[in-house]
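Undergrad: My structure is below; once you've seen it, I'll send some questions.
The values are calculated or read from the model by the stated rules, or taken from the named source; none is laboratory data. These numbers were taken from a predicted model, which means no experiment stands behind them. All Cβ positions, even for glycine, are placed from backbone atoms using ideal geometry, and neighbour counts span all protein chains on display.
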């Protein structure tokens with residue numbers, strides 16, 4: 001089974017400052033089709049998770065460009081260039097190495113505002 | 001605008017079967033571009049994928065839950081359902097339904113896993 005490990009588990013950021021979250025997988029997420037199926041979600045307090053990034057680095061519809069995803073193989077990063085108050089919540093990475101709909105989530109990273 | 005709505009009992013007794021339904025509105029559950037999934041979140045904890053289904057009835061389950069999970073689809077009602085048997089307190093969680101969309105444009109395809117989510121429903125396992 002693929003294990004997804006996020007670090008840090010929590011971070012406190014001053015508005016306007018950058019933030020970075022790491023997600024490491026226990027095996028390469030590169031699919032034989034050449035794509036990497038790594039996703040990022042944000043779960044705001046009291047809400048359902050929302051898709052931020054798909055396939056490592058593509059922003060989903062409506063996601064501000066201050067969010068960016070990068071990485072390859074087993075190491076991935078979500079960056080927020082300038083944190084805003086509305087960015088608070090828990091961020092999850094998720095792998096979908098199989099084209100079949102089978103997934104594993106990271107344990108989550110809680111972002112708070114200083 | 002696509003909407004997903006979970007429904008079912010909020011309280012289930014230990015050893016019994018948890019049953020939930022997700023009703024899809026604003027779109028057809030039978031599209032060849034969609035898979036439908038169940039994800040859960042114990043109170044104060046992270047997300048766990050339970051399983052997914054295609055409109056044809058093909059199912060995919062989390063290996064850790066496979067022996068207890070059944071997911072089915074009713075295309076006539078635009079619904080899909082979750083059954084989890086032999087529940088214990090560890091199955092207490094908010095249960096979400098969500099959609100995966102295999103989006104193709106200009107000859108290039110993308111997989112939007114879980115682009116739409118229901119609001120979630122809390123199921124408590126207790127006697």
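Undergrad: Answer yes or no: is there a residue in the range A:47-57 that is under 27 Å from residue B:64 (Cα atoms) and surrounded by fewer than 13 Cβ atoms within 10 Å (Cβ to Cβ).
TA: Scanning the range A:47-57, I find at least one residue that is under 27 Å from residue B:64 (Cα atoms) and surrounded by fewer than 13 Cβ atoms within 10 Å (Cβ to Cβ), so the answer is yes.
Undergrad: While we're on this one: Among the residues of the range A:82-92, are any touching a strand residue (DSSP E or B) at 6+ places or on another chain (Cβ under 9 Å) and within 18 Å of residue B:50 (Cα to Cα)?
TA: Within the range A:82-92, one or more residues are touching a strand residue (DSSP E or B) at 6+ places or on another chain (Cβ under 9 Å) and within 18 Å of residue B:50 (Cα to Cα).
Undergrad: If you don't mind, another one. Name the residues in the range A:6-51 that are within 12 Å of chain B (Cβ to nearest Cβ), farther than 25 Å from residue A:65 by Cβ and touching a residue at least 12 places away in the same chain (Cβ under 8 Å), would you?
TA: Selection gives A:9, A:31, A:33.
Undergrad: Considering each of B:65, B:84 in turn, give the residue that is surrounded by 14 or more Cβ atoms within 10 Å (Cβ to Cβ) and within 29 Å of residue A:53 (Cβ to Cβ). Can you show your working first?
TA: Details: B:84 fails: within 29 Å of residue A:53 (Cβ to Cβ).
Answer to the selection: B:65.
Undergrad: Right, something else. Among the strands (runs of 3 or more DSSP E) lying completely within the range B:1-116, list those that include at least 3 residues that are out of contact with any strand residue (DSSP E or B) (no Cβ under 9 Å at 6 or more places or on another chain) and at pLDDT 95 or above.
TA: Those strands (runs of 3 or more DSSP E) do not exist here; none qualify.
Undergrad: So which residues in the range B:110-119 are surrounded by fewer than 18 Cβ atoms within 10 Å (Cβ to Cβ) and either more than 9 Å from chain A (Cβ to nearest Cβ) or in contact (Cβ under 8 Å) with a residue 60 or more places away in the chain (or both)? Walk me through it before giving the result.
TA: Kept after step one, since they are surrounded by fewer than 18 Cβ atoms within 10 Å (Cβ to Cβ), are these residues of the range B:110-119: B:110, B:119.
Scanning the range B:110-119 gives a single hit, B:119.
Undergrad: Would you be able to tell me the number of residues in the range B:107-127 that are more than 29 Å from residue A:56 (Cα to Cα) and out of contact with any helix residue (DSSP H, G or I) (no Cβ under 8 Å at 6 or more places or on another chain)?
TA: 4
Undergrad: Across the range A:61-106, what is the total count of residues that are within 14 Å of another protein chain (Cβ to nearest Cβ), buried (at least 17 other Cβ atoms within 10 Å of the Cβ) and outside any strand (DSSP E or B)?
TA: So in the range A:61-106, the residues within 14 Å of another protein chain (Cβ to nearest Cβ) come out as A:61-63, A:69, A:89-106.
With the extra rule that they be buried (at least 17 other Cβ atoms within 10 Å of the Cβ), the set shrinks to A:63, A:69, A:89-97, A:101-106.
Next, only the ones that are outside any strand (DSSP E or B) stay: A:63, A:96-97, A:101-103, A:106.
Within the range A:61-106, residues that are within 14 Å of another protein chain (Cβ to nearest Cβ), buried (at least 17 other Cβ atoms within 10 Å of the Cβ) and outside any strand (DSSP E or B) number 7.
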